[in-house]
Amino acid sequence: MIDSIREGCGCPVKEKLRPMFLEYIGTTRALHLWFHGAHHVTRGTGFIGDHIHLYGKIYEKIQDDIDIVIEKAVSILEDESVACPAKICEIASDILNEYPSPSQHTALAIAAHGKTLMVSYLKMLDSMFKEIQTIDVMTLGLEDLISTTCNEYESFVYLLQQREKSELEN
């Protein structure tokens, strides 16, 4: 299995994986940018908690994760072009344009939009995971990365749900 991944450029398996990794990287960067923006513009009575313990915690974790995702892609694909900042920003921009910006929204709307974005991200990871398993090129490290990310980010969905509920109760 691993030999089929590392056979060299032009390998059909790598050609299937490259767009998946670009989506993974670009979507992770979009998630990072959105939650970093939410961190900056949150407001209201829950400001300190949202600013530091919710959006701050989320965007800092995603910031750490983006580095790991890019390095994993470069390693598996043996292709440094997946780390191209312009390409990553292009993909991230396309994704961000599909969701409302956190700026100029209430605390409730920021939490609700953030939850929607996070759930979409988890669905993308699930789909990617299944597709990589289908073409039988899942490495243990990649499986661990995706599984660990899903586990941590599902906790973020919980936090966002609870934030959304607390705002609705006020």
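Could you tell me how many of the residues in the range 98-125 are over 15 Å from the mean Cα position of the chain (by Cα) and at negative phi?
Initially, the range 98-125 is screened for residues over 15 Å from the mean Cα position of the chain (by Cα), giving 100-112.
The next check asks that each one be at negative phi; those that pass are 100-103, 105-112.
Within the range 98-125, residues that are over 15 Å from the mean Cα position of the chain (by Cα) and at negative phi number 12.
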Among the residues that make up the range 103-124, is at least one of them touching a Pro at 6+ places or on another chain (Cβ under 6 Å) and among the β-branched types (Val, Ile, Thr)? yes
Only one of Glu164, Glu80, Glu60 is without any contact (Cβ under 8 Å) to a residue 24 or more places away in the chain, closer than 19 Å to Val41 by Cβ and acidic (Asp, Glu); which? Glu60
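Looking at His51, His36, His40, which one is touching a Ser or Thr at 6+ places or on another chain (Cβ under 6 Å) and surrounded by fewer than 19 Cβ atoms within 10 Å (Cβ to Cβ)?
Numbers: His36 fails: touching a Ser or Thr at 6+ places or on another chain (Cβ under 6 Å); His40 fails: touching a Ser or Thr at 6+ places or on another chain (Cβ under 6 Å).
From the options His51, His36, His40, the qualifying one is His51.
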Helices (runs of 4 or more DSSP H) completely within the range 54-170 that count 1 or more residues being basic (Lys, Arg) and buried (at least 16 other Cβ atoms within 10 Å of the Cβ): 55-77, 107-134, 140-169
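The rows are residues; the columns are (1) in contact (Cβ under 8 Å) with a residue 24 or more places away in the chain; (2) touching a helix residue (DSSP H, G or I) at 6+ places or on another chain (Cβ under 6 Å); (3) hydroxyl-bearing (Ser, Thr, Tyr); (4) within 21 Å of Leu33 (Cβ to Cβ).
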position	(1), (2), (3), (4)
Ser75	no, no, yes, no
Ala111	yes, yes, no, yes
Glu131	yes, no, no, no
Ser147	no, no, yes, no
Among residues belonging to the range 30-87 that are closer than 20 Å to Ala109 by Cβ and hydroxyl-bearing (Ser, Thr, Tyr), point out the one that is modelled with the lowest pLDDT. Thr45
Identify the residue in the range 77-107 that is out of contact with any Leu (no Cβ under 7 Å at 6 or more places or on another chain) and aliphatic (A, V, I, L, M) and, among all such residues, is nearest to Asn151 (Cα to Cα). Ile95
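The values are calculated or read from the model by the stated rules, or taken from the named source; none is laboratory data. Since this is a predicted model, take the numbers as computed values, not measurements. FYI the Cβ positions are ideal-geometry reconstructions off the backbone, even for glycines, and counts take in every protein chain you see.
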